[in-house]
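Undergrad: Below is a structure I'd like to ask you about.
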C-alpha cells in the first residue's frame, strides 16, 4: 500500500515579489492537513485568513487560522476534541532575485528564518505545524467537570463509581492524622 503524501501549504509569491514595497495580498485558507505530523490527530480542515505583505527584502506573513485536534483528556485518558486557534507572524526571505534569477546571499538573520524557494514558492507547512504544537493546551480536558480515574483501581469515574474506599490515608501521613 502506498504511503500517503504529507500535506503541504504552499503559496506562489512571484507576483508579490515583483510588487512594490508595502503591497498586500490576502488569501482565505481551507486546507486538509490530516497527516501533517504523526503525533497530531487533526480532525477538521485548517481554515482562516492569510495576509502577505511585501517588505523591502522579504515577505511578512500574518495569519489567523483554526483547526480541531484530538487529544487525550489528562484526567480520564479518553480521546477528546479541542479547537486550536493559531496566530502566525513569520518573515520569509527569497533565495533568488525575482528579476535576475541570481542566487541571493543568506545573512545570519535569514539563516534562522524561513526561505522562499527558487520557484518563488513560500511553504507554510512547518510554520503551521509548530504553531499547532505551541497552541495545544497543557492539560486537555474532555469536560471541565471530568472526574478522572480512580487512583486505586483505574475505573473511569465519569462512567460510574467503583468499590474502592474513598477515605484511604497515605500510610506515611497516618501519624499526623492521629495528632488531629
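Since every read-out is calculated from the coordinates, none of them should be taken as a lab result. Since the model is a prediction, treat every value here as computed from it, not as a measurement. Please note: Cβ atoms are built from the backbone with ideal geometry, for glycine as well, and neighbour counts cover all protein chains shown.
Undergrad: Run the simple label-point estimate for residue 104 and residue 41 please: 7 Å along Cα→C-beta, distance reported in nm.
TA: 4.2
Undergrad: Is it possible to state the helix-based mean residue ellipticity at 222 nm for the chain, with each DSSP H run of 4+ residues giving -39500 (n - 2.57), the sum divided by total residues, to the nearest 500 deg cm²/dmol? What is it?
TA: The per-residue figure over the chain is -3500 deg cm²/dmol.
Undergrad: Taking Cα atoms, how many degrees apart are the long axis of helix 125-135 and the longest axis of the chain, rounded to 10 and kept between 0 and 90?
TA: 30
Undergrad: Points 7 angstrom from Cα along the Cβ direction at residue 121 and residue 143: gap in nanometres?
TA: For residue 121 paired with residue 143, the spin-label model returns 4.7 nm.
Undergrad: Sort 121, 96, 69, 128 so the one with the fewest other Cβ atoms within 10 Å of its own Cβ comes first.
TA: 121, 96, 69, 128
Undergrad: Give the order of 21, 34, 62 when sorted by the count of other beta carbons within 10 angstrom, beginning with the fewest.
TA: Going from least to most buried by this count: 21, 62, 34.
Undergrad: State, in angstrom, two size descriptors of the range 20-65 derived from its alpha carbons: Rg to one decimal place and Dmax to the nearest whole number.
TA: Using the Cα atoms of the range 20-65, the pair Rg, Dmax is 13.9, 41 Å.
Undergrad: Taking every eigenvalue of the Cα gyration tensor of the chain, multiplying by 5 and rooting it, what semi-axes result, largest first, whole Å?
TA: Result for the chain: semi-axes of 50, 18, 14 Å.
Undergrad: Here's something else I'd like to know. To the nearest 0.05, what FRET efficiency results for residue 27 and residue 5 with a Förster distance of 22 Å applied to their C-beta separation?
TA: Given R0 = 22 Å and the Cβ-Cβ separation, E is 0.50.
Undergrad: Quote the FRET efficiency, to the nearest 0.05, computed for residue 175 versus residue 153 with a Förster distance R0 of 25 Å and r equal to the Cβ-Cβ distance.
TA: Approximately 0.40, to the nearest 0.05.
Undergrad: By how many nm would the segment from residue 51 to residue 88 lengthen if fully extended, with 0.36 nm per residue of separation less the alpha-carbon distance? Could you put the intermediate results ahead of the total?
TA: On the way: separation 37, 0.36 × 37 = 13.32 nm, distance 1.01 nm.
Separation in residues times 0.36 nm, less the Cα-Cα distance, equals 12.3 nm.
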